[in-house]
Amino acid sequence: MRFIHTADLHLDSPFLGLTAMPTSLWERVHSSTFTAFQKIVDDAINLRVDFVLISGDIYDRDQQSIAATDFFTQQCERLNRARIPVYLLYGNHDYHVVHGTDSLPANVYVFGNQVTTTVLTLANHETVAISGFSYDQRWIERDQVKDYPQKGNTVWHIGMLHGAVQQSTANHYAPFTISELASKNYDYWALGHIHKHQLLAQNPPIVYSGNPQGRHKNESGQHGYYLVESHGKKLVPHFKAVAGIEWSTVNVTAIPTANLTEFERSLSQQIAAKAKKTPFQLIALTIEGSNHLPSAFRHLLANGDVLEHLQTQNKANNNWWIYDLLIHQQSSLPSMTDLDADYWQQAAKEVFTPARIAELTKSLAREADLADKLATLDLEQLKQATTQLLRRED
Ligand SMILES: [Mn+2]
């Protein structure tokens, strides 16, 4: 048996905040969630897998774009023509009350809002039970795993679940424990929700596939899917990268030079040496040691001119795009007077409090997932970024 486990396609993610990008690159970035899933479907067909599992968050928003639904239906139709069944459930981003197959092709099995189990018979007559459920609301706070049956008479049993390991507080996404999953005696757990691919356990594999395409800087590194194959009585997952765009950070050293052109050339050379060659890199450039630069250079770094020059010179580059430039905090900023510094510290203490962030979170909670992002915000990082921004206004 051989199957594909994917999740969190987040089709039609908006990729906000990438400005100044050449149109052709922007189009490539904007279509990358589509391209990544298309590659998965290509692989499914070329590798003749027995079936494809999609563990939730197929769409980025509960109000899906027509472009996204049309595209997804077409890709399922390709799998249908290749006689490859698809098993899917909806997660916290695309939650809704499921009616039948949601007008998808006949090869697609859509899990309803209660845990159900369906059994597939493979060409070699082996039986595979697959259990799962779809979200009907953004938050599912009740542990759903107790509704999943124990493994029965089938040769294989796979659990599909969009959820997160139970924490001490804020369990909004079908919380579970690893031992609880293991106790079902299944052969594989195909998880969705966490976007970083990882195995929570080996035996049996309890696996987050991650999203096939990172959508922002916090989703850096490789993204793809798991190809799962039977080896005797075990199911073994192999990670396959498909993302066409990778978010990364590159650290470079500010080397004092005679003029700005040389300075920028030295930055470009360091990036060329350090950036991964493939796939295409969206780079946040971190500059170290800028306190050794002449003040005119430091000013051009801080006010965004250097970033703009690097972007302009780099327009035709096929390997990377620098979307942000960060000056390493240590002694890299123009000095404030002691009085200013005192006021800043005092204001920062009052402004960046968990209570204030929580208040802001509430007022913005209608934005899907924003509440979660803000809840996990790194206060120190926010403070640093804000400091840098404020000091650009000189
Ligand atoms: Mn997701």
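The values are calculated or read from the model by the stated rules, or taken from the named source; none is laboratory data. Predicted, not measured: the structure shown is a model, and the values here were computed from it. Here the Cβ positions follow ideal geometry from the backbone for every residue, glycine too, while neighbour counts run over all protein chains shown. Remember, those area values only see protein heavy atoms, side chains included, never the ligands or the DNA or RNA. Shrake-Rupley method; radii C 1.70, N 1.55, O 1.52, S 1.80 Å.
Secondary structure note: in the range 97-247, about 55% of the DSSP beta bridges are antiparallel.
To the nearest ten degrees, helix 260-274 and the longest principal axis of the Cα atoms of the chain are 30 degrees apart. Cα gyration tensor of the range 76-211, axes a ≥ b ≥ c as square roots of the eigenvalues: rounded (a/c below 1.5), prolate (a/b > b/c) or oblate? It is oblate, given that a/c is not under 1.5 and a/b is not larger than b/c. The trypsin sites (Lys or Arg not before Pro) of the range 242-299 meeting both criteria, a DSSP state outside H, G, I, E and B (loop) and at most 12 other C-beta atoms within 10 angstrom of the site's C-beta, are LYS277.
Summarising the label geometry, the points placed 7 Å from Cα in the beta-carbon direction at THR19 and ALA82 lie 4.2 nm from one another. Annotation: amide H-H contacts under 5 Å for HIS93 (H modelled 1.01 Å from N, sequence separation of 5 or more, or interchain): ASP57. Of all the options VAL108, VAL52, VAL97, the one that moves most in a Gaussian network model of the chain with Cα springs shorter than 10 angstrom is VAL97. For ALA316 and PHE352, the difference between the fully extended length at 0.36 nm per residue and the C-alpha to C-alpha distance is 8.9 nm. Per residue, the convex hull spanned by the Cα atoms of the chain amounts to 156 cubic angstrom. Computed FRET efficiency, Cβ-Cβ of VAL97 and ILE178, R0 45 Å: what is it to the nearest 0.05? Efficiency computed from Cβ-Cβ geometry: 0.90.
Considering only alpha-carbon pairs that sit under 8 angstrom and 6 or more positions apart, the relative contact order computed for the chain is 12 percent. Remark: spin-label model distance ASN303-GLU359 equals 3.5 nm, labels positioned 7 Å along the Cα→Cβ axis.
Springs between Cα atoms under 10 Å define the GNM used for the chain, and in it the highest mean-square fluctuation of ALA355, ALA284, ALA106 occurs at ALA355.
Here the extension length gained between ASN46 and HIS216 equals 58.2 nm, from 0.36 nm per residue of separation less the Cα-Cα distance. Rounded to 0.05, the FRET efficiency of the ASN291 and GLU27 pair, given R0 = 30 Å and the Cβ-Cβ distance, is 0.15. Considering only ILE84, ILE178, ILE40, the mean-square fluctuation computed in a Gaussian network model of the chain, springs between alpha carbons under 10 angstrom, is largest for ILE178.
Could you give the dipole magnitude of the chain about its Cα centre, charging the beta-carbon of Lys and Arg +1 and that of Asp and Glu -1, in debye to the nearest 20?
Its charge dipole is roughly 1040 debye.
Taking a probe of 1.4 Å, how large is the accessible area per residue of the chain, in Å²? Per residue, the chain has 49 Å² of solvent-accessible surface. Restriction of the GluC sites (Glu not before Pro) in the range 108-193 to DSSP coil positions whose beta-carbon has at most 14 other beta-carbons within 10 angstrom yields GLU126, GLU141.
Roughly how many debye, to the nearest 20, is the charge dipole of the range 7-61 about its Cα centre, given +1 on each Lys and Arg Cβ, -1 on each Asp and Glu Cβ, and no other charges?
Dipole size: approximately 120 debye.
The label-point distance for ASN185 and VAL155, in a model that sets each label 7 Å from Cα toward Cβ, rounds to 1.8 nm. Exposed loop sites here are chymotrypsin sites (Phe, Trp or Tyr not before Pro) assigned a DSSP state other than H, G, I, E or B and surrounded by at most 15 other beta carbons within 10 Å; excluding them, the longest clear run of the chain is 140-351. Within a straight-line Cα-Cα reach of under 21 Å, LYS217 can be paired with the following lysines, leaving aside sequence neighbours fewer than 8 residues apart in one chain: LYS196, LYS240, LYS274, LYS276, LYS277, LYS315, LYS373, LYS383.
Using only DSSP helix segments of four residues or longer, with each worth -39500 (n - 2.57), what per-residue ellipticity at 222 nm results for the chain after dividing by its residue count and rounding to 500?
-9500 deg cm²/dmol
Taking a ≥ b ≥ c as the square roots of the Cα gyration tensor eigenvalues, the range 27-123 comes out oblate, since a/c reaches at least 1.5 and a/b does not exceed b/c.
Within the accessible surface of the chain, defined with a 1.4 Å probe on protein heavy atoms only, the carbon and sulfur portion equals 51 percent.
About the centre of its Cα atoms, the range 127-186 shows a dipole size close to 120 debye [charges on the beta carbon of Lys, Arg (+1) and Asp, Glu (-1) only; nearest 20 debye].
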